[in-house]
Amino acid sequence: MTDSSSDEKEAMADMAGELIHAKLEMARKDTQMTHVMRIGTFHMEVIPAKDIDIREMFNEMLDKLMKKYGDKLLEITIQQAKSDTDPEKVRHYG
């Protein structure tokens, strides 16, 4: 018997990703601006909003990433850099 819950979770994650990607695209069209944080292979974009303190959010994310990955966070290979710039392979989830 196959566990369908993992398939459902994957489908929901895909839908959430598509929704967030659509919101980012709309923000780009409306303002041509998003806040971007890129460190090594980590990439995060945030749609500007009055209720978001972007500096606090990015500092908190950096602290969490450094706590989890340490210096490995900054390691990147040429192959990873090439694949990160291919728009067909990049997925944004927020």
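List of remarks:
- Unmet requirement for residue 57, which otherwise passes all of (1) at pLDDT 90 or above; (2) among the hydrophobic types (A, V, I, L, M, F, W, C); (3) more than 15 Å from the chain's Cα centre (by Cα): (3)
- Selection of region 60-94 for residues being among the β-branched types (Val, Ile, Thr), at pLDDT below 60 and either in a helix (DSSP H, G or I) or touching a His at 6+ places or on another chain (Cβ under 6 Å) (or both) yields only 85.
- Filtered residue count, region 41-51, keeping only those that are farther than 29 Å from residue 71 by Cβ and either part of a strand (DSSP E or B) or at pLDDT 85 or above (or both): 2
- Considering region 44-54, the residues that are loosely packed, with under 14 Cβ neighbours inside 10 Å and not β-branched (Val, Ile, Thr) include one that is nearest to the chain's Cα centre (by Cα), namely 48.
- Tabulated pairs, region 8-26, first in contact (Cβ under 8 Å) with a residue 12 or more places away in the chain, second surrounded by 12 or more Cβ atoms within 10 Å (Cβ to Cβ) and among the aliphatic types (A, V, I, L, M), C-beta under 7 angstrom, 6+ apart or interchain: 23/47; 24/47
- With respect to the conditions (1) hydrophobic (A, V, I, L, M, F, W, C); (2) under 20 Å from residue 17 (Cα atoms); (3) modelled with pLDDT of 80 or more; (4) more than 12 Å from the chain's Cα centre (by Cα), residue 33 lacks only one, and its number is (3).
The values are calculated or read from the model by the stated rules, or taken from the named source; none is laboratory data. Only a predicted model underlies this, so the values are computations on that prediction, with no experimental measurement involved. Glycine gets a Cβ as well: all are built from the backbone with ideal geometry, and neighbour counts include every protein chain shown.
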